[in-house]
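The values are calculated or read from the model by the stated rules, or taken from the named source; none is laboratory data. Small disclaimer: the values here were computed from a predicted structure and weren't measured. Neighbour counts run over all protein chains shown; Cβ positions are idealised from the backbone, glycine included. These area figures cover heavy atoms from the full protein model, side chains too; ligands, DNA and RNA do not enter into them. Shrake-Rupley method; radii C 1.70, N 1.55, O 1.52, S 1.80 Å.
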Amino acid sequence: MKKPDFKALRNKKKDPVAEQRFQKRASERWSVKDWLSALRQKWKDAHSPANRRAWSKVQTAVCIVLLVLNILLLAVSGAAKAQELLQERKVREQMDAVLAQQGMLCGSSVYHTLENCPQAYTLRADSSIQKTFARNLLTGTVVTVAKGSNTVWTGDNGTVEWSQSGELYAEAELPTVVKPQSEDDAGRIVQDMLEQAGIVVRKDQVAVTQREADYIVTVRQEINKTELLGCKLTVTIAEGNVFTIEGAWCTGTAEPMTIQALENYSAQKTLFQFVASKKALGQIISVQPTYVLSDKSGGRFTAIPCWRFSTDGGDFVLNILTGDVVASSELEGTDAAEDETEDDTTQQDTSDDETENPDAITADENSADDAVDETGDDTPDTSVDPFANPQEDTTGDTDGDEQDIPYDERTPDADTGDIWNADG
């Protein structure tokens, strides 16, 4: 094989066309300095007086267009707002006319409050809070017993009973707690007791009264600063630091829930429903949102949004879901408590009269004996009041003691009716 002649190849003349093409490519390549110079020149050309005047005209045109659009949007928004205010004014005039026909007056603040419908909530009983509350209150060995829907904790110093429906009753002696010297001390002690169990309440939810040597602390339950009617605790601090707690309290966190009926809420419809109930005639002083419990089964609670109307004829609660109106006292249970207090007072007065006049009782017994001796018949007199005979007691009292079960206490509670059912 013939060896190639490298020397001849090196001395061979280069192709002029290829050389020209190479030189052209080399001349087209820019260095960093060339790039910077080109950018600087472009910037100078763009900011030349001629270009500056042209760009100023474009900016002015764009600003004018934006200004016109803003003016149009403001005009449309103002017209819509004016139309809304006009419609609202007409509706209020119609509502005022309806109220005037019913002989009722309503302030403008009531209309503003009714415009915002309160949110519905659901709660689930938190057994850990109940357990912590019981163990903080009791001392010694605490025994837990389940009785149906109730859970009972028993300690050396008392007992705590809490049901799934929220009903709570506890009685315990707490000698380690400093005896309150004022109403503020009593309220602070109860607040600390609840906070230790995970129940946080504000100071304005606590009301304290003093009756002789006892302090009575009332704690109202609220959901997002809105009162939950029928849910409150009454704590009585007696001599010897004996704490008696009774009432209803829903443990757990309130979770918002969606109800179809609230999506079609109307303030006018709500006010008309209250007027149609004819519960109160006069002036509607104020209105505020409130909640009423419903569906307490299985430790689950539904907080139904309601409106509480304060009128010169009393306070009334309107269920937003159903439109039913009841007196707020029926939901708070104040009437039953007053009746029970009156019955206790009457019974005490009767006992005092009998104690002060023993001769009268003896005289009555002698008269009855004389009547039997004169007739010579030991058959009991049928003219005697039948309420005195346990077998003929028409008041429902089976043990013959009329003071055990007052008649008013056997009537059904109004807040357990179907009108507060979440299903409507």
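Before moving on, here are some points about what is shown:
- Exclusive hit being within 30 Å of I320 (Cβ to Cβ) and touching a helix residue (DSSP H, G or I) at 6+ places or on another chain (Cβ under 8 Å), set R220, R202: R220
- Scanning segment 123-134 for residues that are touching a Phe, Trp or Tyr at 6+ places or on another chain (Cβ under 8 Å) and surrounded by fewer than 16 Cβ atoms within 10 Å (Cβ to Cβ) gives a single hit, R124.
- Residue count, segment 24-36 (criterion: surrounded by 10 or more Cβ atoms within 10 Å (Cβ to Cβ) and at pLDDT below 70): 1
- If you go through segment 178-200 and pick out every residue that is surrounded by fewer than 18 Cβ atoms within 10 Å (Cβ to Cβ), in contact (Cβ under 8 Å) with a residue 12 or more places away in the chain and assigned to a loop (DSSP other than H, G, I, E, B), you end up with 2.
- Of everything in segment 231-250 that is closer than 15 Å to K179 by Cβ and surrounded by 14 or more Cβ atoms within 10 Å (Cβ to Cβ), the residue that is modelled with the lowest pLDDT is N241.
- Looking across segment 158-177, just one residue is open to solvent by 10 Å² or more (accessible area, probe 1.4 Å), over 16 Å from G148 (Cβ atoms) and among the small types (G, A, S), and that is G158.
- Segment 203-230, residues that are over 14 Å from the mean Cα position of the chain (by Cα) and surrounded by fewer than 13 Cβ atoms within 10 Å (Cβ to Cβ): K203, D204, T209, R211, E212, A213
- Some residue of segment 133-150 being within 30 Å of Q260 (Cα to Cα) and either of a type outside the set (D, E, K, R) or modelled with pLDDT under 95 (or both): no
- Annotation note: of L39, L86, L66, the sole residue that is modelled with pLDDT of 80 or more and within 30 Å of T311 (Cβ to Cβ) is L86.
- Some residue of segment 260-282 being surrounded by fewer than 19 Cβ atoms within 10 Å (Cβ to Cβ), modelled with pLDDT of 85 or more, assigned to a strand (DSSP E or B) and not hydroxyl-bearing (S, T, Y): no
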